[in-house]
Each structure stands twice: as structure tokens, then as C-alpha cells.
Amino acid sequence: MTETLAHWAEVFIGVFNQGGQVLLSLMGGILPTLVVLLTAVNALIRLIGPEKIEGLGRAAAQPGIQWYPVRYMVLPFLAVFFLTNPMAYTMGRFLPERFKPAFYDSAVSFVHPILGIFPHANPGELFVYAGIAAGITTLGFGLGDLAVRYLLVGLVVIFIRGIVTETITRIMLARKENA
Amino acid sequence: MDGINKILVKIGRSVGGVVGTLYQAGRDSVDTTIRNVIPFMAFISFIIGLILATGVGERIANGISSTADSIIGLLLVSIVCAIPVLSPLLGPGAVIAQIVGTLVGTEIGRGNIPPQLALPALFAINPQVGCDFIPVGLALGEAEPETVEVGVPAVLFSRLITGPLSVVIAYFASFGLYSSN
């Protein structure tokens with residue numbers, strides 16, 4: 001009887017010992033780099049001034065096929081980088097109504113792919129990336145390759161997402177007007 | 001004398017400005033770290049501890065690793081996460097994506113999921129990103145109520161297409177990533 005209890009007590013405290021070790025490795029591993037990097041990028045953003053990208057927002061509002069990559073790749077990237085989550089979505093105010101859902105979709109889909117290289121953009125949700133990246137670190141591989149590919153594929157995906165959502169929005173708006 | 005004074009004041013001001021900015025940036029980053037990052041680390045550590053130390057976690061982990069260890073399984077995960085009724089429920093705070101990401105990461109670390117699948121997995125666990133936040137996000141962009149009415153379903157339906165598509169793109173982009181040779 002007491003042996004079983006003692007066993008359970010060990011299992012119980014074992015969970016927290018194990019968790020504590022994980023916490024220590026996270027705080028010793030990612031955290032110091034993160035704090036320094038956040039400081040540097042935050043300072044850079046303050047020195048440049050986030051209002052500088054507003055001109056680009058106005059340019060991205062124009063119709064025409066050449067503005068698609070600006071609207072759904074460049075603008076979301078710069079908005080997420082400089083304004084971070086959730087203020088990045090305010091850049092939508094420069095766009096006409098029919099582009100707004102697509103821009104939101106595009107921008108919000110980029111708040112995680114950017115984390116591998118620029119974690120300042122969304123530090124509260126770091127573990128979408130860091131959780132999987134931790135497994136790669138355990139295996140002894142470098143993270144650079146994964147982080148760069150995540151960012152690049154992210155850019156392709158938000159571009160496609162912007163176009164698809166813009167098309168769906170246009171169809172739905174047309175239906176609504178006919179009804 | 002006046003000229004020198006002016007130059008000195010100018011230098012002093014700009015140096016002070018830069019130092020002040022850096023200091024404020026440091027304060028901001030420590031603030032974010034303590035408020036947002038460390039609490040999540042504590043929470044994630046508890047979950048990992050539970051997985052590593054108990055058999056119950058083992059079973060959940062087995063389920064995850066047998067689903068997420070192939071591209072078909074990952075596509076399945078992305079389709080489930082993109083279902084328009086489910087996606088707004090799975091979205092808030094990216095908590096689900098972060099927990100599943102951590103579980104998948106743990107399994108990659110143990111060798112149960114091949115490391116090249118890390119890239120498609122990052123997209124498979126996340127087609128629901130921001131689906132809980134569409135009306136607020138559109139309001140931040142000063143959208144009209146009519147736009148919100150159309151925009152919410154438009155984004156949700158779009159994810160059903162672009163969610164699985166992103167996994168496929170990531171799969172093809174992951175060739176040569178952490179391959180054993």
C-alpha cells in the first residue's frame with residue numbers, strides 16, 4: 001500500500017521535475033537571444049518610424065496585375081515587420097473595401113512564418129515555430145535552413161491566399177448586389 | 001561661442017535620443033518577454049514534462065506521431081483545421097497551434113517524425129491562423145460593416161483551399177531539408 005503511494009508520489013513529482021528541466025533549457029537557450037534581438041529590432045523600428053510605410057499602403061491600393069505582389073507580399077511583410085501583430089492589420093485602411101478581407105488574410109497568415117528570423121513581430125505566439133524547431137535542435141541540426149524556408153514559403157502562401165480571398169470576396173460581393 | 005554651443009546641444013540631443021530609444025526598446029522587449037513569452041514557456045514546459053514523464057502523454061504522442069509522420073497525415077490535419085466551423089474555434093491566441101507544434105516538435109526530437117516534415121508540419125498545424133480575429137482585424141483596417149459581412153466567410157472558405165495547398169507547397173519546398181546524406 002505505502003509502496004504504491006510512494007511510487008505515485010514519485011511519478012507525480014517526476015512530471016514537474018521533467019517540466020522544470022524543459023523550462024530551464026528554454027529560458028537558458030532561446031530567451032537571452034530573444035531579449036537582445038527584440039531590443040535591437042524594436043530600437044530599429046523606433047528610429048526608422050513605422051509611419052514611413054504608409055506611402056506603400058497607398059500605392060498598393062491601385063488596380064492592375066503588377067500591384068498584386070505589392071499588396072499581398074511586400075505590404076503584409078513590411079506591415080507585420082514594422083507594426084507587428086495585431087497593429088499590422090491597420091494598414092488595410094489604405095486599401096479599397098474589396099481588397100480588405102484579402103489583405104487581412106494575407107497579413108494574418110504571415111505573423112508565424114516571420115517568427116523564425118524576426119520573433120519580435122509576434123513573440124506571444126512564438127511556439128507555433130519554436131515548438132517544432134525545438135525538435136530539430138534536439139536532433140542536432142541547425143535552424144537557419146528551416147527558418148529561411150518557412151519565411152519564403154510563407155511569402156508564397158500569403159500571396160496565393162491574397163489572390164484566392166480577393167477572388168472569393170469579389171464573387172460574394174457580386175452575388176450580394178444581384179440579390 | 002554661440003556656434004560651438006549649438007553644435008554641442010545638437011550632439012547631446014541626438015545622442016540622448018538614440019540612447020533613450022534603445023533603452024525604451026529594451027524595456028519593451030523585457031516587458032513582452034515577461035508578459036507573453038515566459039508564461040507560455042511555463043505552460044509548454046508542463047505539457048512536455050507530462051508527455052515525457054507519464055504513459056498517458058505517450059499515448060497522445062503516439063496518436064500525433066502516427067498522424068503527422070507522413071504528408072497524407074499532415075494534409076488531413078490541415079483540412080480538419082481549415083473547416084470553416086472549426087477554424088474560428090481553433091484560432092484564439094494560436095494556443096492550439098502552439099501545443100500541437102510543441103507535440104510534433106517533441107516527436108521529431110525523438111525520431112518518430114522525419115525532420116524534413118518540419119516545414120510542411122508548420123503549415124499543417126496552422127490553416128486556422130487568425131480565423132477567430134477576422135471582424136476585429138477588418139475593423140482595425142477601418143472596413144465597413146458590409147465588408148465584414150462578406151469578408152468573414154470569404155476568408156474562411158479561402159482557407160479550405162489555401163490551407164491544404166500551403167502544406168503541399170511546403171512539402172515540395174522541403175526537399176533537401178535535413179536529409180540524411
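For this structure, a couple of remarks:
- Ratio of Rg to Rh over region B:114-155 (Cα coordinates, Kirkwood Rh, two decimals): 1.23
- Listing A:Met1, B:Met41, A:Met91 from fewest to most neighbouring C-beta atoms within 10 Å gives A:Met1, B:Met41, A:Met91.
- Descending principal axes extents, region A:1-104, alpha-carbon based, whole Å: 77, 32, 19
- Cα-based Rg / Dmax (Å) for region B:60-121: 11.6, 34
- Taking other C-beta atoms within 10 angstrom as a stand-in for reagent exposure, A:Met73, A:Met27 fall in the order A:Met27, A:Met73, fewest first.
- Scattering from region B:106-181 was approximated by placing one identical point on each alpha carbon and applying the Debye formula without solvent; log10 I(q)/I(0) at 0.11, 0.12 1/Å stands at -0.43, -0.49.
- Partner chain coverage, peptide B:83-89 - average Cβ within 10 angstrom: 0
- Kirkwood's formula applied to the C-alpha pairs of region A:1-48 gives a hydrodynamic radius of 13.7 angstrom.
- Axial C-alpha extent at least 20 Å, average Kyte-Doolittle at least 1.0 - helices from chain A (DSSP): A:2-48
- Separation between Cα centres of region B:83-154 and region A:1-79, rounded to whole Å: 15 Å
- Within 10 Å of the Cβ of each residue in A:78-85, the mean number of Cβ atoms contributed by other protein chains is 1.
- Note on the protein assembly as shown: the alpha carbon radius of gyration divided by the globular reference 2.2 N^0.38 Å gives 1.10.
- Square roots of five times the Cα gyration tensor eigenvalues for region A:49-93, Å: 18, 10, 8
- Here's the picture: charge each Lys and Arg Cβ at +1 and each Asp and Glu Cβ at -1 in region A:1-123, and of A:Phe94, A:His112, A:Ala79 the one pushed furthest to the positive end of that dipole is A:Phe94.
- Projecting the Cα positions of B:Asn112, B:Val129, A:Gly131 onto the charge dipole of the protein assembly as shown (unit charges on Cβ atoms of Lys, Arg, Asp and Glu, taken about the Cα centre) puts B:Val129 furthest along the positive direction.
- For chain B, complete DSSP H runs whose alpha carbons reach 20 Å or more along their own long axis and whose mean Kyte-Doolittle score is 0.5 or higher are B:38-53, B:95-109, B:145-173.
- When B:Glu146, A:Glu97, A:Glu125 are arranged by Cβ crowding within 10 Å, least crowded first, meaning fewest neighbours, the order is B:Glu146, A:Glu97, A:Glu125.
- For the protein assembly as shown, the dipole from Cβ point charges (+1 on Lys and Arg, -1 on Asp and Glu) about the Cα centre works out to 840 debye, to the nearest 20.
- Radius of gyration over Kirkwood radius for chain B, both on Cα atoms: the Rg/Rh ratio is 1.18.
- Cβ charges +1 (Lys, Arg) and -1 (Asp, Glu), total dipole of region A:61-179, debye: 340 debye
- Evaluated over chain A, the Cα radius of gyration and Dmax, each in Å: 21.9, 77
- When the charge dipole of the protein assembly as shown is built from unit charges on Cβ atoms (+1 for Lys and Arg, -1 for Asp and Glu) and taken about the Cα centre, the candidate among B:Val37, A:Leu47, B:Ser174 whose Cα reaches farthest toward its positive end is A:Leu47.
- For A:Lys176, the lysines whose Cα comes closer than 24 Å to its Cα, not counting residues fewer than 8 places off in the same chain, are A:Lys100.
Any read-out appearing in this document is the output of simple, stated calculations on the displayed coordinates, not a laboratory observation. Remember, it's a predicted structure, so these values are computed and weren't measured experimentally. Ideal geometry is used to build each Cβ from the backbone, glycine not excepted, and the neighbour counts take in all protein chains shown.
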